[in-house]
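Report on the structure given below.
FYI, it's all coordinate maths here, none of it is from the lab. Here the structure is a predicted model, which is why all the values come from computation and not from measurement. Cβ: placed from backbone, ideal geometry, glycine included. Neighbour counts: every protein chain shown.
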Amino acid sequence: MTTPDWTRVLDDLARAGWTARVVAAGRMDDLRGRVAGVLASGELPGPTAEHLGEEVAFTWPAELPQARSVVVAATPRPLTRATLSVGGAEREIVVPPHYAGYHTVPDGLAVALAAALAPTGHTAARFEPPLKTLAACSGLARYGRNNITYVPGLGSYLMLAACATDAPPPADSVWGEPRQLDRCERCSACLRACPGGAIRADRFLLQTDLCLTTVNEDEAPFPDWVDPAWHHCAVGCLRCQQSCPENAGVELRIAPPESFDAAESAAILAATPADGIGAGTREKLSRCGLDYSPALIARNLTALLGV
Ligand code: SF4
Ligand code: SF4
């Protein structure tokens, strides 16, 4: 085995669509500590704390228990769309970037990294550490006031992924305090655009129990404080990202809509389980990011479409 030329490896990843950084595997102890500290602060509501708790309990890939380095990377993702046939009318709905391919796109990083490392005899495997904190500490991303990560050239319309490798890290890899966008110091566009008031001027942490995304990604009934007029996506919320000047110069790619006929639309709105719909419909749902909990998507679409 030879030590990788990490500049070449990162260039190879860039050609495969991934903007990446590499850090020493030992940094994951610091990463765990940072996230555990946020959890211990008690400032996060139950569901968010639960999600973060799962992230901080990450394990190394079974095939790489002795990882030496970690590659964290971002790739641009498009807004996806679906056209539903409801009551004789075509109704288009949108899904923010990040949902379509949530479970599969990160595999692309593992494939590209394994190929880039192959000449050195080293291997790579995907794993799931707390990605936003990892990206921020590695210098790959900066946080916005909305607690979303931004990468130069990609804005916030991206997906993060990480791989462990058995290759030694470069001696000069960056690791430090997460940084906020410089622009946030003189901007409050997202704070003003946030429908629920989740973005606060007096603290960095999002008040996630007031975030529309938290609410519509949860299967519990919508709380009374959610104004029905706020719904604008099948799942998630785009208001803080679309209002952010940091995204103004970024091209948000928009995927062609997936079209669902009346029978397919009725099945979706009836929360039909995946095994009760055809393979073709399932594939379309996956391509536009609606392969989420059927009950949750049906609840959200009912509210969004007013049906
Ligand atoms: S996703 Fe929507 S509700 Fe959540 S912080 Fe951003 S604007 Fe506010
Ligand atoms: S809208 Fe303004 S304050 Fe909010 S994340 Fe973007 S730059 Fe920062």
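Per residue of segment 176-193, in order, report the coupling 6.51 cos²θ - 1.76 cosθ + 1.60 (Karplus, θ = phi - 60°) as ³J(HN,Hα) in whole Hz, putting x for Gly and Pro.
For segment 176-193, the Karplus curve yields x, 5, x, 10, 8, 4, 3, 4, 4, 4, 10, 9, 9, 4, 5, 4, 6, 7 Hz.
Compute the distance in nm between two label points, each set 7 Å from the Cα along the Cα-to-Cβ direction, one at ARG282 and one at ARG179.
Each label point is offset 7 Å from its Cα along the Cβ direction, giving 4.6 nm.
Out of segment 65-104, which trypsin sites (Lys or Arg not before Pro) are coil in DSSP terms and have no more than 16 other C-beta atoms within 10 Å?
Numbers: sites: ARG68, ARG81, ARG91; in loops: ARG68.
Answer in residue order: ARG68.
Report the GluC sites (Glu not before Pro) located in segment 195-273 that are in a DSSP loop and have at most 14 other Cβ atoms inside 10 Å of their Cβ, or state none. Please report the intermediate quantities before stating the final value.
Details: sites: GLU217, GLU219, GLU246, GLU251, GLU258, GLU264; in loops: GLU217, GLU219, GLU251.
Hits after loop and neighbour filter: GLU219, GLU251.
Put a dot 7 Å past each Cα toward the Cβ at ASP218 and PHE204; how far apart are the dots in nm?
2.4 nm
Report, to the nearest 10°, how far helix 294-305 tilts away from the longest principal axis of the Cα atoms in the chain, using its own Cα long axis and a range of 0 to 90°.
The two axes meet at around 60 degrees.
Please list the non-local residues whose amide H lies under 5 Å from the amide H of PHE127, H modeled 1.01 Å from N, same-chain partners needing a gap of 5 or more.
For PHE127, whose amide H was placed from the backbone, the distant partners under 5 Å are ALA162, CYS163, ALA164.
Taking a label point 7 Å from the Cα of ASP172 along the Cα→Cβ vector, which residues of segment 1-30 have an amide N closer than 11 Å to it?
It comes to 7, nothing else.
How charged is the neighbourhood of ALA136? Take every other residue with its Cβ under 15 Å from the Cβ of ALA136, and add Lys/Arg as +1 and Asp/Glu as -1. Mind showing how you got there, number by number?
Working: positive: ARG21, ARG27, ARG32, ARG34, LYS132, ARG142, ARG145, ARG179; negative: ASP30, GLU55, GLU177, ASP182, GLU246.
Result for the neighbourhood of ALA136: +3.
Seen from all sides and averaged, what is the projected area of the convex hull of the Cα atoms in segment 6-305, in nm²? Intermediate values should be presented prior to the final figure.
Values: hull surface 65.7 nm².
Average of the hull's projected areas for segment 6-305 equals 16.4 nm².
So if we plug the beta-carbon distance of ALA274 and SER188 into 1/(1 + (r/R0)^6) with R0 = 41 Å, what FRET efficiency do we get, rounded to 0.05?
Numbers: r = 41 Å, r/R0 = 1.01.
Calculated value: 0.50.
Compute the acute angle (0 to 90°) between the alpha-carbon long axis of helix 27-40 and the principal axis of greatest extent of the alpha-carbon atoms of the chain; round to the nearest 10°.
40 degrees
Dividing the alpha-carbon radius of gyration of segment 44-100 by 2.2 N^0.38 Å (N being the number of residues), what value is obtained?
Numbers: Rg = 19.2 Å, N = 57, 2.2 N^0.38 = 10.2 Å.
Rounded to two decimals, the normalised Rg is 1.88.
Please report the spacing between the Cα centers of segment 293-307 and segment 104-153 in Å, no decimals.
Here the answer is 32 Å between Cα centres.
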